[in-house]
Amino acid sequence: MQVELDGHAAWVYTGGKPFDPSLPVVLFIHGASHDHSVWALQSRYLAHHGRAVLAVDLPGHGRSGGMPLPSIEALADWIARLLGAIGVERAMLVGHSMGSLVALECAARHPQRVSALALVSTAFPMRVSEELLTATRDDEPAAQAMVNLWSHSGLAQYPGNPGPGFWVARVNLRLMQRQRPGVMHVDFAACDAYSNGLAACARVSCPVLLVLGTRDAMTPPRAAKGLSAALSDVRVVEIEGAGHAIMAEQPDALLAALERFGA
Amino acid sequence: MTPPRHPGFDTLSLHAGQRPDPVTGARATPIFQTAAYVFQDTDQAASLFNMERAGHVYSRISNPTNAVLEERIAALDGGVGALATASGQAALHLAVSTLAGAGSHVLASRSLYGGSHNLLHHTMRRFGLDTSFVDPRDLDAWRAAIRPTTRLLFAETLGNPGLDVLDIPSVAQIAHEAGLPLLVDSTFTTPYLQRPLDFGADLVMHSATKFLGGHGVAIGGLLVDGGSFDWERSGRFPELTEPYVGFHGMDFQEESTVAAFLLRARREGLRDFGACMAPFTAFQLLQGIETLSLRMERHVANTREVVRFLSSHAAVESVNHPELPSHPDHALARTLLPKGCGAVFTFEIRGGRPAGRKFIESLRLFSHLANVGDAKSLVIHPATTTHFRLDDAALRVSGIGPGTLRLSVGLEDHADLIDDLAQALRASQKI
Ligand SMILES: Cc1ncc(COP(=O)(O)O)c(C=O)c1O
């Protein structure tokens, strides 16, 4: 589905079904250098199980036009404007990595729009090493290689994403390569610069779920401790053996956690 | 900056796509010899059918043993995934039928394996698909032969029978300028000698029957999706970028930004044409791939010894191998195939058909058969076997002489191979 927002096309995957605003809405926010397709095995399922799904391509990513937005705060406001443009009053937000910070900030700034939050592979602060941040600016292939290596827990993923016979690590690398030049640096710089996480937590009153991979090398479970301490209504699910790319590595476990949480 | 260490080729050959079985602890890849898989409940069944969840339903579409093989070859070739098929022929048919249909056009190298040529030139034509063939070395010919209906460019890494080295970067560029993908048959080189996706190819196919298996015991094919071709931007592939009524109205590129081709090939071509691989075959091919590096190294080393021997033999008119300076693609081979040009090549024996026949019949170690890429050394004399109906003039058109012999050099002690060749060459000249 495509909507006009801020003078650009905003593209949203609706899970293979027409969007039906009368159903409870779940909005998925991808992470840095990604697009909606990282949620293939969660978004399509929920869309066929009684939810109205919006898996966005953030500005400048995937099929959405415009420039990538330079801060988590700007992205959070964009999500709220997108919900308004589509005519959705309230939605559960599910975010991965950078997208988890966007979801959190959106819930803090626009509490009336957010019914619940699921933060997948999250951390605060989400500091990016100097080396990686520089590489995202000066040498995207090197930066992509680093991020791809750190995103996966091993050399075999069952059941494969989007299905058996797919090599998850290369799917992830190709998706990063598919984004326009410059997007990667804007995204990682936004993660690195975001400082409002704990203040945002204090303002969030809706239920929050943290889903963390025990073998995540980018946002390890300990890096989310500050968030869980600062949130008032929080559940933490650790997925054994999962790396940063939980959606691809353990799609069923993530889906189960989301469903138990009420997604 | 030191880039992070990714697992190397040999490690991937042994581990990619598989870990010890979580239930039994089996270290080897189990052979999941089952046609179907029990559903947990009706909802899980429906979700699997509708691709809301990943998993196995029926072994024509996917199988856990095959999935390990598919992920392993994808890892070795640098693709986003792969499909295991009943044969190399089935892999080519699956690639072509996923992207092209009646009224469309395929542009292929004229230096193809005979079976590929048959499929495209005769059989697919019966289904309304037109293929034209060009000299793979003639870049202008590639460019000029592209039509509005073209859907795919296709060539072999090392052409048949002349071992033309495919200039993958240049042909890929021509394809991409026209919004088209390049499919490369990598059977003779395997990802150990060359990864065509790294040079710009978009899809790779293998007859896994050959060097990947290496044992000559199983027929199989693999089709790898590089994941870098943007079907939407090309605008020529509504099969991948518009809702498909044959599969729940799915728009494959919307579903998977980078793996749309493979999704469609599995959910349509494998499902409907049904040329799937048996899990036992997948297991046998995995056994082969575990030692791919070691074997290819030896294949190449033995081939170099044999080429050296033949090149200076009085009964040999010429040797056709890209590692020789006399080969027209020698320079290209050095840049695109620095580790070697494989183990299949041809040479011309003095004395034409009769000498060729006598040579073949005198060999003791080399096996006379129609295959390549076995651990054992193989030989064939096209003029008296595969092409026996053709006279000398017709043979020339196919790039074959009456005295052309094709060797596939195996893993035996090279001194024994050379002894065998020496005695058979002697015998061939005594007639
Ligand atoms: C280069 C090449 N491609 C494709 C094939 C076909 O493969 P298969 O015999 O596994 O169907 C062959 C078989 O000889 C081959 O040599």
**Options B:Leu166, B:Phe133, B:Val217, ranked by Cα towards positive dipole end of chain B, top entry (Cβ charges)** = B:Val217
**Fill in**
Measuring from the longest principal axis of the C-alpha atoms of chain B, the long axis of helix B:168-177 (C-alpha) lies at a number of degrees, nearest 10, equal to 40
**Complete:** chain B, Gaussian network, Cα under 10 Å: of B:Arg53, B:Arg295, B:Arg350, the residue fluctuating most is B:Arg53
**Convex hull (Cα only) mean projected area of the stretch B:170-311, reported in nm² to one decimal** = 10.6
**Asked** Quick one: if you stick a label point 7 Å off each Cα along the C-beta vector at B:Thr34 and B:Gln423, how many nm between them?
**Response** 5.3
**Asked** Tell me, Kirkwood radius of chain B from alpha-carbon pair distances, in Å?
**Response** 22.6
**Message:** Compute the helix-to-body angle for B:64-77: its Cα long axis versus the longest principal axis of chain B, expressed 0 to 90° and rounded to tens.
**Reply:** 60
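Output needed for the stretch A:40-175: three equivalent-ellipsoid semi-axes, defined as square roots of 5 times the C-alpha gyration tensor eigenvalues, in descending order, whole Å.
26, 21, 14
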**Message:** Only Cα pairs within less than 10 Å get springs; with that Gaussian network setup on chain B, which residue of B:Ser59, B:Ser326, B:Ser116 has the largest fluctuation?
**Reply:** B:Ser326
**Complete:** For B:Lys358, counting only lysines whose alpha-carbon sits under 25 Å away and dropping same-chain residues fewer than eight positions off, the answer is B:Lys376, B:Lys430
**Asked** With θ set to phi - 60° and the Karplus curve 6.51 cos²θ - 1.76 cosθ + 1.60, what are the ³J(HN,Hα) couplings of the stretch A:48-65 in order, to the nearest whole Hz, using x for Gly and Pro?
**Response** 9, 10, x, 10, 8, 9, 10, 9, 7, 9, 4, x, x, 10, x, 9, 7, x
**Message:** Using Cα springs under 10 Å in a Gaussian network model of chain B, which residue among B:Pro382, B:Pro181, B:Pro354 shows the largest mean-square fluctuation?
**Reply:** B:Pro354
**Asked** Between Rg and the Kirkwood Rh of the stretch B:217-280, both from Cα atoms, what is the Rg to Rh ratio?
**Response** 1.04
**Request:** Would you calculate the volume per residue, in Å³, of the smallest convex hull containing every Cα atom of the stretch B:292-428?
**Result:** 101
**Relative frequency of Cα-Cα separations exceeding 33 Å in the stretch A:2-261, percent** = 9
**Prompt:** What does the convex hull of the Cα atoms come to per residue for the protein assembly as shown, in Å³?
**Reply:** 153
**Complete:** Sorted on mean Cβ neighbours within 10 Å (highest first), peptides B:208-215, A:255-262 come out as B:208-215, A:255-262
**Request:** Could you tally the net charge around B:Leu83, taking each other residue with its Cβ under 14 Å from the Cβ of B:Leu83, Lys/Arg +1 and Asp/Glu -1?
**Result:** 0
**Item:** Exercise: per-residue mean of other protein chain Cβ atoms within 10 Å, B:53-62
**Value:** 4
**Request:** Could you run the Debye sum over the Cα atoms of the stretch B:1-85, one equal point scatterer each and no solvent, and tell me log10 of I(q)/I(0) at q = 0.21, 0.22 Å⁻¹, two decimals?
**Result:** -1.09, -1.15
**Prompt:** Across peptide A:144-155, what mean number of C-beta atoms from other chains lies inside 10 Å of a residue's C-beta?
**Reply:** 3
**Asked** For the stretch B:9-288, what is the percent of antiparallel DSSP beta bridges, rounded to the nearest 5?
**Response** 45
**Item:** Packing-based order for A:227-234, A:162-169, using average beta carbon neighbours within 10 Å, highest first
**Value:** A:162-169, A:227-234
**Request:** Evaluate peptide B:70-77: per residue, the Cβ atoms of other protein chains within 10 Å of its Cβ; return the mean as an integer.
**Result:** 5
**Message:** Give the separation of the Cα centroids, the stretch A:50-127 to the stretch A:138-158, in Å.
**Reply:** 24
**Message:** Could you tell me how far the Cα centroid of the stretch B:382-408 sits from the Cα centroid of the stretch B:208-233, in Å?
**Reply:** 28
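FYI, it's all coordinate maths here, none of it is from the lab. Please read all numbers here as calculations on a predicted model, not as lab measurements. Virtual Cβ from ideal backbone geometry, glycine too; neighbours counted across all protein chains shown.
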